[in-house]
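Visitor: Here it is, the structure in full.
The values are calculated or read from the model by the stated rules, or taken from the named source; none is laboratory data. Quick caveat: nothing in here was measured; it's all calculated off a predicted structure. Quick reminder, even Gly has a Cβ in these numbers, built from the backbone with ideal geometry, and neighbours come from all protein chains shown.
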Amino acid sequence: MLFNKKFKDINIEDINSLVENSVCENKSLEYKRELNIGTDAEKKEFLADVSSFANSTGGDIVFGVEEDGEEKIPTKVCGITYENEDKLIRKLEDFIRQSIQPIILDIEYKVIEIKENTCVLIIRIPQSLIAPHRVEYKGTDKFYTRNNKGKYAMDVNELRIAFNSGLNLEKRIEDFKMNRYYELISNQNNKLVDELPIFVIHYIPISSMNELKNHISLKTIKNEMINCNSQALGYGYNKEYTIDGVIIAHKDSYNSSIAKYYNNGIIEKATTNFFKKQYKITNISPSIVIDLVNGYKILNNVIEDFIEVKNYYEKIGISSPIVISCSILKASGYTIPNGSFYDILNKIDREILCMNNVYVEDFSQKAENILKPIFDSIWNACGYERCIAYDENGNYIGLNY
């Protein structure tokens with residue numbers, strides 16, 4: 001990356017020093033005299049440049065600097081023309097987001113004005129944790145990476161290695177979850193009611209898996225939690241510091257919940273409040289006793305929680321994609337009765353019920369649409385065709401009990 005300083009602090013003197021010191025292009029640095037994205041060919045070239053950095057070690061593209069074509073040495077700071085900084089950046093962000101898949105996280109933009117309507121533009125692309133990224137624009141369907149000579153299309157072997165790296169990311173996420181499940185079941189900190197199942201939901205930003213990413217300060221986490229009225233799935237208000245995050249906990253004789261906001265961006269929430277052991281149903285004859293999963297509470301509390309987490313991430317500066325993972329621990333034998341309580345369709349048949357991960361690229365969707373696969377899985381485990389809070393067309397209609 002350019003310079004030993006924060007990206008936001010780079011100025012025109014820093015750019016001039018590249019020319020003065022003849023800093024040539026390399027694997028992590030490229031110069032462009034102009035920003036050309038008018039024709040389809042120019043757009044494809046631009047996308048190939050951006051994706052190649054994400055698929056290798058990351059780096060900076062500096063627009064508005066002339067270079068020697070053979071030696072790749074900068075010769076002059078000429079600048080590019082522009083009308084409005086926000087408009088320029090939004091245009092590039094939208095174009096990159098729409099034309100490279102999966103979305104590249106945490107791209108940064110720096111506009112350095114050198115005179116009226118003329119600037120140097122730096123685009124900083126990080127090494128991606130979810131590579132490889134593919135250019136998908138008007139018939140182009142290619143993967144690019146970089147070496148010291150510039151970008152090139154990836155071959156089959158390089159693609160295999162890149163995809164295997166992506167699988168390693170999935171394994172890291174699963175290992176994190178399994179470790180947390182063990183801690184929650186063992187209840188070493190005595191935060192949860194022992195005899196009840198535990199509903200667990202994790203929000204895992206892909207960026208949280210980057211070990212080089214700066215951690216969020218605990219003070220910032222706590223302040224934004226207060227601003228967002230963060231709770232543990234509807235319970236608990238007091239916020240306490242730990243070595244790697246801020247926690248909320250609530251426990252009484254019957255209920256318990258805990259939430260942890262990690263300094264890498266992960267959020268974990270767990271509760272026993274959605275379950276009742278030996279719940280007696282008396283509005284039928286003869287009455288029956290079941291181990292109850294309260295579907296109404298799951299739906300309402302998790303949807304509200306997602307909205308709160310979304311607001312928190314917006315304030316903290318964490319962007320999608322985000323993996324949402326949900327499980328019920330110690331779940332065997334519990335069930336969701338139908339609305340009239342006459343039918344008990346099925347009981348959960350395993351101790352740890354893991355729902356499929358939900359991969360969220362667009363936070364602007366409604367919470368009930370994003371969370372539907374999780375709700376469907378819970379109801380499926382209890383013998384239903386789908387979550388009954390949705391109609392046959394997948395529209396959310398809620399529950400009346």
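Visitor: Can you run down the residue pairs with Cβ atoms below 9 Å, 6 or more apart or on separate chains, where the first is in region 136-157 and assigned to a strand (DSSP E or B) and loosely packed, with under 14 Cβ neighbours inside 10 Å and the partner is aliphatic (A, V, I, L, M) and modelled with pLDDT of 90 or more?
Guide: Listed by first residue and then by second, the contacts come to D141/V135; A153/A48.
Visitor: Can I ask one more? Can we say D376 is in a helix (DSSP H, G or I), in contact with a Cys (Cβ under 9 Å, 6 or more places away or on another chain), assigned by TED's automatic domain parsing to the domain that holds I267 and surrounded by 15 or more Cβ atoms within 10 Å (Cβ to Cβ)?
Guide: yes
Visitor: I'm trying to understand the selection: among the residues of region 57-72, which are surrounded by fewer than 22 Cβ atoms within 10 Å (Cβ to Cβ) and closer than 12 Å to N147 by Cα?
Guide: Listed by number, the residues that qualify are T57, G58.
Visitor: Here is a check on your reading of the model: is K297 assigned to a strand (DSSP E or B) and more than 26 Å from I206 (Cβ to Cβ)?
Guide: On the way: assigned to a strand (DSSP E or B): no; more than 26 Å from I206 (Cβ to Cβ): yes.
No: the conditions fail for K297.
Visitor: Still on this structure, I have one more. Could you list all residues from region 49-74 that are farther than 22 Å from R160 by Cα and in a loop (DSSP other than H, G, I, E, B)?
Guide: Residues satisfying the conditions are G64, D68, G69, E70, E71, K72, I73.
Visitor: Restricting the search to region 351-386, which residues are farther than 24 Å from I204 by Cα and touching a helix residue (DSSP H, G or I) at 6+ places or on another chain (Cβ under 6 Å)?
Guide: R386
Visitor: Sticking with this structure for a sec: Only one of (1) closer than 30 Å to E70 by Cα; (2) more than 19 Å from the chain's Cα centre (by Cα) fails for S128. Which number is that?
Guide: Every condition holds for S128 apart from (2).
Visitor: Between a residue in region 362-385 that is farther than 16 Å from Y396 by Cα and any residue that is in a loop (DSSP other than H, G, I, E, B) and of a type in the set (G, A, S), which pairs come within a Cβ distance under 8 Å, given they are 6 or more apart or on different chains?
Guide: Here the result reads D362/S320; F363/S320; A381/A331, each pair linking region 362-385 to a residue that is in a loop (DSSP other than H, G, I, E, B) and of a type in the set (G, A, S).
Visitor: Sort out which residues of region 6-48 are more than 21 Å from E113 (Cα to Cα) and part of a helix (DSSP H, G or I), and write them in order of number.
Guide: D40, A41, E42, K43, K44, E45, F46, L47, A48, listed by residue number.
Visitor: Looking at region 314-329, which of its residues are at pLDDT 95 or above and more than 21 Å from A389 (Cβ to Cβ)?
Guide: Keep residues of region 314-329 that are at pLDDT 95 or above, which gives 324-329.
Within region 314-329, just L329 meets the criteria.
Visitor: Of all residues in region 158-171, which are surrounded by 13 or more Cβ atoms within 10 Å (Cβ to Cβ) and not hydrophobic (A, V, I, L, M, F, W, C)?
Guide: Residues satisfying the conditions are E158, S165, G166, E170.
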